[in-house]
Amino acid sequence: MKRRLAAAVGLAVLATAPYANSFRTGFPLDNRALILEDMRVHEATRANVDLILHHTYWWPIGESGLYRPATTLSYLFNYAILGNADRPFGYHAVNLLLHIVNVLLVYAVGRRILGRRHSELVPFAIAAIWAVHPLSTEAVTNIVGRADLLAAFAVLGGLLMFVRSTEVRGIRRFLWLIGLAAMTTLGVFAKESAVVIVGVIALYAACVRSAEASRSSAPGSRSAKASRSIARRVPPVSNARRLAAGARGFSRALIALALPLLLLWSQRTAVLGAAKAAEFPFVDNPIVGAGFWTGRQTAIIVMARYLWLTVWPWTLSADYSFAQVPLASRALLDRIRFSLMIVALIGCVGLWQHNRRAFFFAGFALLTFLPASNFLFPTGTIMAERVMYLPSFGVIALIVTGLSVSTSLKRCPALLGSICLGIVVVGFGIRTWIRNNDWRDDLSLWTATVRTSPDSFKAHRGLAEILWESDPSHENIEQVVHEIGRAIAPLESLPPFQRDARTYRLAGVYFLEQGDALRGDTRAAPPPRAVGAYERSASALKRALAIIDSRAAAAAPDDRGFATPTADVYRVLSAVHGRLREHDKAIEAATRARALDPLNVISYQQAAAALLLASRRDDAAVTLMTGSLVTGDRALRTELVDLYGSGLDPLGCALVPTPNGPAINPACATVRRHACAATKEAMGIHALAGRTDQMQRLKDGAARQFQCSW
């Protein structure tokens, strides 16, 4: 007992040490959107809890087909109840605590699976290596990796509860089964992959329980000898009876698992049914657009990549988007990876006859990895290190167990084994410590990702974005343009519907800023280099429009989700044409932006700017007044006052002085003319939106105040 307690304390220390510097990391990547920008977790109210329970994981930002209310509630617990808000320390403390508990559960599972046939050092070694493994940093150091931590906690804890339920009777068995049901509920509502607990329990019943039955009935076993010695007094328990008992235990577990799984199915169906269909972009997971066999081959090749990272976790990355992990091809390296994985899988199947406990570890790794493997169905990513958090336990256990039973290594003294274990644990721990520094913020993470995943378009786009945001003066625009250019390069080989519109839209903005930096004096004609930057901006924006149009053509007729991004691209395109002094094109792009997004203030500001560059000042005034009537924005009214003050009104009556500054004079003929034209446009906008009451109020007000008649 003391030895086990000492082992548990040692494992807790080992799990803490390499993550001690994780408390300095902030909210990079998805952490900002899922925690800092999700208003549902900012206040502990019943309304927010209802929103969490009745909406998807990424609501209202987007849809990815994920429903994880338990994970989101844990963010609420940190943000509002513990008061951590935007201070990361508390979030990391919870993540690390979960990881420590999971390490202890791994140790307990390892001891239970291996039993007395192995040295106590073996399950300790498995848990120690898993505790410090660098591949787990994306689940532990990355705050929103908590979904994987909670799912692992539920699967490991649920398995142990099932084991205990088979070893006791009466009310104690019932309580363990209740605990199993509660643990499963937490797991499946934290991350969908926790449903593998059913397969894990079945695997345990088939492997470990049957192995125990076979060993107890073996002719030379201690159990068989004991049975023969007392055969006259107590009838021996047959192998068949042991297997039957195991089957009954699994049947009881299925009953305990049925309620949480049915609850998940019911709630998930209701929530996802009310949400938009999830979309998995090709550039995030190329398997989505691949043929069936190519997709399956790619999934198997990616498994080989995961296994290599488990053995040698030196080059780690936060992103593996297109084209970092290409689809399977006839390349020699792909053939080698595929062949090795097939051989490994066949070898694992062969363990069934020779070592059922080793087979359990292999099956555990495969079962827990299968939901994210892209082998059964495509997921949102082709590869992500966080999905190996739980499966890596099975891989590590299989390797360590295999080494411990090796004929040559069994003769080695225990001291040598301890030294080897220490070298591996220290090496992995140092790598984890170093990897944590990459997660400090978006800049450090994307810089590291570009270094380790140089072919990923998203890595370069992410670095370009954070460089742009980190310097408001944009003096680093050349570096930003360089990175966005590298992000576009791999996308050029794809057809429009498979490209990423956002990347091209950002490129348009960055090229525009580069042109402005090269231009200098805005009153003079742009120099050739600036013209080149503007032309690259226009080209990127037009490609973004082509991508959006190609996707809109394939969308449902009532899906208006493309209107807002299209309007945004047209607004930037209007500014680019204005810089190039292509006034008609600038006005046309601005007009399209207004039509697509009539409630956006920027649409009216950009349209007015394009009209002013074309010397159409009256039309610019009408546009600003229309925007003011539709949106009620005071900034548009201020711009209109400035426009009138610049000499637009030849009669000089458009403005009147007030204590708060100049104000528009409704009695001026110029103002009345503009107001009547603007009201007519605003009425048309309200009519298209079905707002007849607002349209009528505008008409009555214009007739009364400006004497408009149409």
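Here, each number is a calculation from the coordinates, and none is a lab measurement. Keep in mind it's a predicted model, so treat the numbers as computed, not measured. Cβ sites come from the backbone with ideal geometry, for glycine too, and all protein chains shown count toward neighbours.
Given in Å, the Rg to one decimal and the Dmax to the nearest whole number for the Cα atoms of the chain are 32.2, 122.
Taking loop as defined by DSSP and a crowding limit of 16 other beta carbons within 10 Å, which chymotrypsin sites (Phe, Trp or Tyr not before Pro) in the stretch 349-393 fit? The partial results should precede the final answer.
Details: sites: TRP352, PHE359, PHE360, PHE361, PHE364, PHE369, PHE375, TYR389, PHE393; in loops: PHE375, TYR389.
The qualifying sites: there are none.
Using a simple spin-label model with pseudo-atoms 7 Å out from Cα toward Cβ, ALA12 and ALA44 lie 2.5 nm apart.
Only Cα pairs under 8 Å and 6+ residues apart enter the sum, and on that basis the relative contact order of the chain stands at 11 percent. Calculate log10 I(q)/I(0) of the stretch 456-615 for q = 0.08, 0.16, 0.21 Å⁻¹, where I(q) comes from the Debye formula with a single equal point scatterer on each Cα and nothing for solvent. So the normalised log intensities work out to -0.23, -0.93, -1.39. One equal scatterer on each Cα of the stretch 142-183, no solvent, Debye formula: the resulting log10 I(q)/I(0) at q = 0.17, 0.24 Å⁻¹ is -0.47, -0.71.
For the stretch 593-643, trypsin sites (Lys or Arg not before Pro) meeting the loop criterion (DSSP other than H, G, I, E, B) and having at most 16 other Cβ atoms within 10 Å: ARG616. With the convex hull constructed from alpha-carbon coordinates only, the stretch 46-193 shows a mean projected area of 10.9 nm² over all directions. Sparse packing (at most 15 other Cβ atoms within 10 Å of the Cβ) combined with a DSSP loop state is found for the following GluC sites (Glu not before Pro) in the stretch 382-480: GLU475. Remark on ALA663: its backbone amide H falls under 5 Å from those of VAL656, THR658, a criterion applied only to residues 5 or more positions apart or on other chains, H modelled at 1.01 Å from N. Helix 583-596 versus the longest principal axis of the chain: what is the Cα-based angle in degrees, 0 to 90, to the nearest 10? The two axes meet at around 60 degrees.
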